Structures are given as structure tokens and as C-alpha cells.
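Just so you know, all these numbers are worked out from the coordinates, no wet-lab data involved. For clarity, every value in this text was computed on a predicted model and none was experimentally measured. Because the Cβ atoms are built from the backbone with ideal geometry, glycine has one as well, and the counts that use them run over all protein chains shown.
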């Protein structure tokens with residue numbers, strides 16, 4: 001994996017972790033409103049898409065390394 005791919009993968013990983021952590025923090029709040037739940041859903045979806053991007057990067061790299 002090249003240096004740019006590594007940086008991008010690490011960036012995606014960091015942002016995915018941040019999205020998940022923020023969603024967890026929001027869910028712990030005792031008085032969630034609908035818009036808060038929507039925000040949590042957006043964060044979880046963004047983390048999911050980033051994890052898919054990480055998987056794609058890893059698959060592409062594994063395919064080239066073989």
C-alpha cells in the first residue's frame with residue numbers, strides 16, 4: 001500500500017471511530033429527541049460507509065499484493 005493510500009485509510013479509520021464514539025455519547029443521553037436519534041443514525045451510517053471504504057482499500061491492496 002502506498003503512502004497516500006495508507007494516509008487515506010488511516011483517515012477513514014479515525015473518522016469512523018470518531019463517528020461511532022460520538023453516536024455512543026449521544027445515545028447515553030437520557031433525553032434524546034427525534035432529531036438526536038436522526039443524528040445518531042447519520043453518524044452510524046457514515047461510520048458504516050467509511051468501514052466499507054476501508055474494506056475496499058484493504059481488498060484492493062490484497063489483490064495487488066498477490
Kindly indicate the residue of segment 18-32 that is without any contact (Cβ under 8 Å) to a residue 12 or more places away in the chain and surrounded by 11 or more Cβ atoms within 10 Å (Cβ to Cβ) and also farthest from the chain's Cα centre (by Cα) among those meeting that condition.
32
Going by the structure shown, is residue 35 over 19 Å from the mean Cα position of the chain (by Cα), in a helix (DSSP H, G or I) and free of Cβ contacts under 8 Å to residues at least 40 places away in the same chain?
yes
Residue pairs, Cβ under 7 Å, 6 or more apart or interchain, first in segment 1-16 and over 17 Å from residue 62 (Cα atoms), second surrounded by 12 or more Cβ atoms within 10 Å (Cβ to Cβ). List them.
12/50; 12/53; 12/54; 13/54; 15/50; 16/47; 16/50; 16/51
